[in-house]
Amino acid sequence: MQQMATTVTLLGAASSPGPGLAAGDAAVAVVSSEQKVYDVVVKQAALLKRQLRPQQQQQAPPAVARELDAPRGGLGEAYARCGEICEEYAKTFYLGTLLMTEERRRAIWAIYVWCRRTDELVDGPNASHITPQALDRWERRLEDLFAGRPYDMLDAALSDTITKFPIDIQPFKDMIDGMRTDLKKARYKNFDELYMYCYYVAGTVGLMSVPVMGIAPESKATAESVYGAALALGLANQLTNILRDVGEDARRGRIYLPQDELAEAGLSDEDIFKGVVTEKWRKFMKRQIKRARMFFEEAEQGVTELRKESRWPVWASMLLYRQILDEIEANDYNNFTKRAYVGKAKKVLALPVAYGKSLLLPYSLRNNQT
């Protein structure tokens with residue numbers, strides 16, 4: 001698959017035996033993070049394909065839909081609150097969701113809110129008090145949610161959503177594992193390790209969202225390729241976050257940059273903590289930005305394969321995140337003391353551009369039209 005092949009190129013050919021390795025030794029070689037994540041992608045795509053078979057589409061919703069413990073104010077109020085939170089913290093994305101059908105829009109809000117709450121466990125105001133046991137409790141609560149036993153109003157919205165779309169619990173559990181990683185790990189020795197972390201905390205969002213966004217009925221793309229593109233977008237977004245927040249993370253004792261690539265560039269942790277932009281740093285950053293852009297390019301084809309009404313929020317979010325990389329360059333790669341951000345005017349201008357792109361023919365059909 002093209003998306004995965006590009007990722008292998010970025011990571012290096014981790015699956016092939018190196019010099020001096022016998023062919024039999026390859027079987028016990030360490031599996032790369034890319035391969036582990038690809039296995040999840042294949043599983044999610046298979047689940048989607050099973051659920052979308054015509055005979056299954058006509059079946060009644062799972063029993064959990066009838067047994068759901070709805071909040072006192074009703075599911076309508078629960079979804080409305082999710083929409084308010086999405087609008088407050090992700091306004092551009094929220095505006096894009098307004099083009100979606102009501103059911104898909106509300107489902108995306110519910111997923112967004114759960115992901116935000118999960119992220120705030122380790123990055124929010126009470127992060128210093130979070131323990132592994134707290135994350136274990138959050139995971140048990142997730143399992144209850146998937147079983148139709150939501151704890152509160154916001155949980156109820158997601159619990160209802162999973163009765164309407166073929167959403168699997170695995171990406172949600174993986175995101176919690178990403179939060180566990182943040183509690184115990186502050187360095188990443190190579191990009192393979194960083195890749196897995198980026199999957200946990202951001203690539204999972206793409207896997208959660210594809211069943212709700214939907215694949216365009218006219219698309220000729222495979223489900224695996226669309227999931228692969230959604231994964232690539234999550235990875236690109238997280239890599240962009242990392243590059244934007246180098247200084248902020250360093251002040252918290254965290255360095256989300258491949259240690260081996262820093263060493264190759266003649267840089268060390270001490271250089272990060274000093275926060276001085278040098279030619280070595282500029283050269284290093286150019287390489288990191290190039291990698292993030294490659295993942296964005298992987299994602300673009302997949303976005304065109306989504307249902308037309310679902311593409312606008314994804315395009316809007318992607319265009320804005322790509323501009324963060326432009327702003328890092330405009331700041332002369334000073335992500336130590338300057339935070340790269342996209343101004344309000346550029347955000348507004350991105351909306352019509354994103355809408356125009358959302359009208360494009362799915363990439364899988366373009367060759368057939370020429």
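Quick rundown of the values:
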read-out: Scan of the stretch 145-167 for residues that are of a type in the set (S, T, N, Q) and under 12 Å from residue 108 (Cβ atoms), ordered by number; value: 161
read-out: Some residue of the stretch 303-318 being open to solvent by 80 Å² or more (accessible area, probe 1.4 Å) and either part of a helix (DSSP H, G or I) or modelled with pLDDT of 95 or more (or both); value: yes
read-out: Conditions (1) closer than 23 Å to residue 86 by Cα; (2) without any contact (Cβ under 8 Å) to a residue 60 or more places away in the chain; number of the one not met by residue 184; value: (1)
read-out: Any chance residue 54 is open to solvent by 30 Å² or more (accessible area, probe 1.4 Å), at pLDDT below 95 and in contact with a Ser or Thr (Cβ under 6 Å, 6 or more places away or on another chain); value: no
read-out: Wholly within the stretch 207-268, helices (runs of 4 or more DSSP H) carrying at least 1 residues that are outside the structural domain of residue 328 (by the TED database) and modelled with pLDDT of 95 or more; value: none
read-out: Residue identified as open to solvent by less than 10 Å² (accessible area, probe 1.4 Å), farther than 22 Å from residue 310 by Cβ and either within 14 Å of the chain's Cα centre (by Cα) or of a type outside the set (Asp, Glu) (or both) among 195, 200; value: 195
read-out: Residue 201 being under 18 Å from residue 238 (Cβ atoms) and assigned to a helix (DSSP H, G or I); value: yes
read-out: Enumeration of residues in the stretch 107-161 that are in contact (Cβ under 8 Å) with a residue 60 or more places away in the chain and basic (Lys, Arg); value: 149
read-out: Which listed residue is in contact with a Leu (Cβ under 8 Å, 6 or more places away or on another chain), more than 26 Å from residue 294 (Cβ to Cβ) and either open to solvent by 70 Å² or more (accessible area, probe 1.4 Å) or at pLDDT 50 or above (or both), from 95, 21, 47; value: 95
read-out: Filter result for residue 77 (in the same structural domain as residue 117 (by the TED database), outside any loop (DSSP other than H, G, I, E, B) and modelled with pLDDT of 50 or more); value: yes
read-out: Answer residue from the stretch 275-299, given it is touching a residue at least 60 places away in the same chain (Cβ under 8 Å) and crowded, with 19+ Cβ neighbours inside 10 Å and is nearest to residue 341 (Cα to Cα) among those; value: 296
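The values are calculated or read from the model by the stated rules, or taken from the named source; none is laboratory data. These numbers were taken from a predicted model, which means no experiment stands behind them. Counting neighbours? That spans all protein chains shown, and the Cβs are built from the backbone with ideal geometry, glycine included. Protein only, heavy atoms only, side chains kept; ligands, DNA and RNA dropped before computing areas. Shrake-Rupley method; radii C 1.70, N 1.55, O 1.52, S 1.80 Å.
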